[in-house]
1. Which of these, R81, R66, R99, has the largest mean-square fluctuation under a Gaussian network model of the chain (Cα springs below 10 Å)?
2. Indicate, rounded to the nearest 5 percent, the antiparallel portion of the DSSP beta bridges found entirely in the chain.
3. Name the long-range amide H neighbours of L71: under 5 Å, sequence gap of 5 or more, or other chain; modelled H, no Pro or chain starts.
4. At 20 °C and 1.002 mPa s, grab the translational diffusion coefficient of the chain from Stokes-Einstein with a Kirkwood Rh over Cα pairs, rounded to a whole number in µm² per second.
5. So what are the ³J(HN,Hα) numbers for the stretch 108-123, from phi and the Karplus equation (6.51, -1.76, 1.60; θ = phi - 60°), rounded to whole Hz, Gly and Pro as x?
6. Taking springs between alpha-carbon atoms closer than 10 angstrom, which of L27, L54, L87 fluctuates most in the Gaussian network model of the chain?
7. Looking only at R85, R35, R118, which one moves most when the chain is put into a Gaussian network model with springs between Cα atoms under 10 Å?
8. Could you work out the relative contact order of the chain? I mean the mean sequence separation of Cα pairs under 8 Å and 6+ apart, divided by the number of residues, in percent.
Amino acid sequence: MDIRRYAAADLPGVLRLCAIEHWPSLLEDEARAHRALTAPGVTTMVAIGNGSLLGFAQLQGDGEIRAHLSLVAVDPAARRRGIGRDLLTLGLREAGGLRIDLITNIADGFYASLPHFRLNGYRLYADYSGPDRLRPEIVWKSGRKLPG
Ligand SMILES: CC(C)(COP(=O)(O)OP(=O)(O)OC[C@H]1O[C@@H](n2cnc3c(N)ncnc32)[C@H](O)[C@@H]1OP(=O)(O)O)[C@@H](O)C(=O)NCCC(=O)NCCS
């Protein structure tokens, strides 16, 4: 298993995992996805095993104090081998900083297994004012039109 920084040739593997997870944001536009994964301040890590991309994590950081986790996914066939934990551990080391903040409503068992404490969080949008139960991600996944 090799965990290293993302390179352009890794994009198909990253998008494959996004498709498995039904995460639409990177899938919509491949060129935009690559720019997002390599933008200034972004650290994207990939896990490679037997020539296949088995996991990835995308963090944003200030390089000194804090990093934010955007995405982490591991191939369903490769879970519970420590890949997710290693992606975050090495990702924080690469990003620089002391800690990772994240907002999630899934994978509680995974995050709870890492050294942590819990905070209450918000996800802020530029122009979203609908009720919480119509959060855009959920509307999108169910195939209904996005608000606005
Ligand atoms: C969450 C995810 C990245 C974890 O990846 P992983 O490589 O399987 O995680 P690890 O093997 O590093 O797990 C480390 C520890 O986390 C805990 N853990 C991991 N998955 C768990 C689960 N499904 N239920 C309970 N605990 C879990 C365990 O304590 C595990 O240690 P152990 O296997 O020795 O018991 C992976 O399950 C995944 O891709 N899920 C779908 C995408 C997702 O939910 N991403 C997070 C939101 S952005």
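1. Fluctuation is largest for R81.
2. Antiparallel bridges: around 85 percent, rounded to the nearest 5.
3. The list, which skips near neighbours in sequence, is Q58.
4. This corresponds to a translational diffusion coefficient of 131 µm²/s.
5. 4, x, 5, 5, 5, 6, 9, x, 6, 9, 9, 10, 7, x, 10, 10
6. Result: L27 has the largest fluctuation of those listed.
7. The residue that fluctuates most here is R118.
8. Once divided by the residue count of the chain, the mean separation gives 18 percent.
The values are calculated or read from the model by the stated rules, or taken from the named source; none is laboratory data. Note that this is a predicted model, so its numbers are computed, not measured. These accessible areas exclude ligands, DNA and RNA; they are computed on the full protein's heavy atoms, side chains included. Shrake-Rupley method; radii C 1.70, N 1.55, O 1.52, S 1.80 Å.
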